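I have placed the structure first, in the form of structure tokens, so that the comments after it can refer back to it.
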Amino acid sequence: MAAAAAAAGGEQTPKKMIMVGDMHVGKTSLILRYTENTFGSGSVEDFKPKTVTVGKKTHLLHVWDTAGQELFGTITSSVYRKAKGIAYIYDVTREETFRNLKQWMDEVNRNYNEVQTNNFVIVANKCDLPAQVSPEEGQKFADQYKVPFIQASAKSGNGVEAIFTTLVKGLDTVKEDDGPQRLRGSSGTPNNKQKKTGGCVIL
């Protein structure tokens, strides 16, 4: 995988991306949809690799799953260590998972000595289903932190690519020697040219 990245003239150092959020919000499903284009079966053992080219740069991503560590304070600091991008996931059909986003952000801030990025995105997953949380609520919350907001569906695949494309573009603001940073928002901005497909906003 690293050799493929090198052959493409890109970077060989893996970039750690972490998916965090409540149980059953679809973290594993999003990872499998992105890395293997599958849904409904499979598991992630720590992380899944994927080589991706955005613009003229090729990156080797290690997309980490935190399934099984959904209680606040149970994710080990080693998972956060040297993270270059974090996706905060909630399930639009369960309002409590949206309300808990702030606690997940606080969790990351408590581990700021391990986190080396301010490259974040907020993801409203399962947007193919009837929602308890409106897109406007999600966007308003993301705007408070100046973080990109993306609606996605691991089932249909809508919006999934946009999650990681946004995080990869945010890598330009993350240097290898960056020190730990608290959540201050991302310098990336959501694409204003959006279209809706099956209830999802596709960037």
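Values quoted throughout were computed directly from the atomic coordinates according to the rules given, and no laboratory measurement underlies them. Since the structure is predicted, the reported quantities are computational estimates derived from the model, not experimental observations. Reconstructed Cβ throughout: ideal geometry from the backbone, glycine too, with neighbour counts over all protein chains shown.
Numerical summary
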{"read-out": "Sequence-distant residues sharing a close amide H with residue 54 (under 5 Å, placed H)", "value": "59"}
{"read-out": "Net charge, residue 36 excluded, C-beta distance under 12 Å - Lys, Arg +1, Asp, Glu -1", "value": "+3"}
{"read-out": "Amide H contacts of residue 63 (H built 1.01 Å from N, under 5 Å, at least 5 apart or other chain)", "value": "17, 48, 50"}
{"read-out": "Karplus-derived HN-Hα couplings along region 89-106 (A = 6.51, B = -1.76, C = 1.60, θ = phi - 60°), whole Hz, x at Gly and Pro", "value": "10, 9, 9, 5, 8, 10, 4, 5, 5, 6, 4, 7, 4, 4, 5, 5, 5, 4"}
{"read-out": "Backbone HN-Hα couplings from phi across region 150-158 [Karplus 6.51/-1.76/1.60, Hz, Gly and Pro as x]", "value": "9, 8, 8, 9, 5, 5, 8, x, 4"}
{"read-out": "Amide proton proximity set for residue 83, modelled H, under 5 Å, gap of 5+", "value": "116"}
